[in-house]
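What follows is calculated from the coordinates using simple rules that are stated; it is not laboratory data. What you see is a predicted model, and the numbers here were worked out from it, not measured in a lab. When we count neighbours, we look across all protein chains shown, and the Cβ atoms used for this are built from the backbone with ideal geometry, even at glycine.
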Amino acid sequence: MDDLLKGISNFREAVFPDNSALYQKLAREGQKPQALIISCADSRVMPETITQSGPGELFVCRNAGNIVPPFQTMNGGVSSAIEYAVIALGVRDIIVCGHSDCGAMKGLCHPELLAPMPNVAAWLKHSHAAHSIVCEAYPPTLEDKEKIRAVAMENVVVQLDHLRTHPSVAAKLAKGEVTLHGWFFDIETGSVLIYDGAASRFTELEDGQPLAVAVSGRDVPQVIPFRRKNGAERAALNV
């Protein structure tokens, strides 16, 4: 706690004065974040630091395993954050960010570690699909570290699929007003891998190259024909 209190003092004395105008503007005008980032609560993974973002630029939701539960009527913190970010704040980009050496993914691979943590075990049921994919579709010769890394990457893709079950996200995708991204942060090297939905693989983030996306709103066309008021029937895809 002493370190945290020293940090607060340093913020108030050395950091805030140089940024007071920005904070006053944010307090007066409210927030308009560029994106929603759903990342792991791991203390080594700091979205604002990784992206070098300042106050008001990111809406961040962190939890064990960067998990997005499929939509259901029962209220939950992650679901509420998604709904608020999309509807109230109008974010146009949603990022699910996994990372290397993830303790939650270790728990999936070694269930015995979760015995004293029943709530964590129940939470990780939302990532079981990622574990099953690696167990059944990857080479059985993977070493433990490689397996955990593979599960962490597949987990990002699984959570992106869960995102699409949320009505607020589905509607914005259909209107081309939101884009989904999958990122993987390598703690040891500091590199960020980007999930390319078209190629179904993670790629290195390279300066000057177009940013690959996981799911674009253009991937969700209207495909059911409908009849206009004047009686002319057309396929919505072509209108």
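The figures follow:
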read-out: Where GluC sites (Glu not before Pro) in DSSP loops with at most 10 other Cβ within 10 Å are excluded, longest remaining stretch of the chain; value: 1-142
read-out: Residue-count net charge about residue 45 - beta-carbon cut-off 13 Å; Lys, Arg +1, Asp, Glu -1; value: -3
read-out: Rounded to 5, the percent of DSSP beta bridges in the chain classed as antiparallel; value: 40 percent
read-out: Euclidean distance between Cα centres, the range 1-75 to the range 128-148, Å; value: 33 Å
read-out: Cα gyration tensor shape for the range 71-128, rounded if a/c is under 1.5, else prolate or oblate; value: oblate
read-out: Rounded if a/c under 1.5, otherwise prolate or oblate - the chain, Cα gyration tensor axes; value: oblate
read-out: Full-stretch length increase - residue 41, residue 92 - with 0.36 nm per residue and alpha-carbon distance subtracted; value: 16.1 nm
read-out: Net charge of neighbours whose Cβ lies under 14 Å from the Cβ of residue 136, counting Lys and Arg as +1 and Asp and Glu as -1; value: 0
read-out: Cα-projected label distance for residue 57 with residue 83, points at 7 Å along beta-carbon direction, nm; value: 3.0 nm
read-out: Shape call, the range 1-45: gyration tensor on alpha carbons, a/c limit 1.5; value: oblate
read-out: The chain - mean residue ellipticity at 222 nm from DSSP helices (-39,500 (n - 2.57) per run, n ≥ 4, rounded to 500); value: -10000 deg cm²/dmol
read-out: For the range 91-99, 3J(HN,Hα) per residue [Karplus equation, 6.51 cos²θ - 1.76 cosθ + 1.60, θ = phi - 60°, Hz, x = Gly/Pro]; value: 5, 9, 9, 10, 10, 9, 10, x, 7
read-out: Environment charge of residue 11, counting only residues whose C-beta is closer than 13 Å and scoring Lys/Arg +1, Asp/Glu -1; value: -1
read-out: Spatially proximal lysines relative to residue 125 (Cα-Cα < 23 Å; intrachain offsets below 8 disregarded); value: 106, 145, 147
read-out: Hits among aspartates and glutamates - C-alpha to C-alpha of residue 6 under 20 Å, sequence gap 8 or more where chains match; value: 18
